[in-house]
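Data first, discussion second: the structure below is written as structure tokens.
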Amino acid sequence: MTEEVNPKAYPLAEQALTTKILNLVQQASNYKQLRKGANEATKTLNRGQAEFVVLAADSEPLEILLHIPLLCEDKNVPYVFVRSKQALGRACGVSRPVIAASVTQNEGSQIKPQIATIQQEIEKLLL
């Protein structure tokens, strides 16, 4: 896991945080609180539904999803890069690689505390 990651992929989650994020993505998928793909992530941001966004740092070319961090900053939504689109795809519960995923809001959600924790950890990376 030491292949070069594009320096534009910032902030990049280290291994422990990546594991936590991917676990939460998996739970969000079970609770129908997940949108997969760059287009869907963009839509949730524009509609103000996104809790946080996970992007894959090994997307080729990376530029196809670099509009998302800008949108996130506009909307004050935390975002983070994980190393592998393959791992992100698995966490999303699909067999294909996923380059972007957005965890969406849901009022009576059981995973709200975990989402809040991850949001804080991502915000620490951005400082």
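Values in this text are rule-based calculations from the coordinates and carry no lab data. Please read all numbers here as calculations on a predicted model, not as lab measurements. In this analysis, Cβ positions are derived from the backbone assuming ideal geometry, glycine residues included, and neighbour counts consider all displayed protein chains.
Points to keep in mind about this one:
- Scaled against 2.2 N^0.38 Å for its residue count N, the alpha carbon radius of gyration of region 6-53 is 1.26.
- Qualifying GluC sites (Glu not before Pro) for region 18-127 [loop in DSSP, other Cβ within 10 Å: at most 13]: 107
- Estimated from helices alone, the mean residue ellipticity of the chain at 222 nm is -13500 deg cm²/dmol (sum of -39500 (n - 2.57) over DSSP H runs with n ≥ 4, per residue).
- With Cα atoms, 0 to 90° folded angle of helix 112-126 axis to the chain main axis: 30 degrees
- Quarter of the Cα convex hull surface for the chain, i.e. its orientation-mean projected area (nm²): 7.1 nm²
- Length available on full extension from residue 96 to residue 127: 0.36 nm per residue minus the Cα-Cα distance, which gives 7.9 nm.
- Computed lengthening from residue 60 to residue 114, 0.36 nm per intervening residue step minus Cα-Cα distance: 16.4 nm
- For the chain, the dipole from Cβ point charges (+1 on Lys and Arg, -1 on Asp and Glu) about the Cα centre works out to 460 debye, to the nearest 20.
- Residue 46-residue 86 pseudo-label distance in nm [points 7 Å out on the Cα-to-Cβ vector]: 3.3 nm
- Label separation (residue 105 vs residue 70): 2.5 nm, computed from points 7 Å beyond Cα along the C-beta direction.
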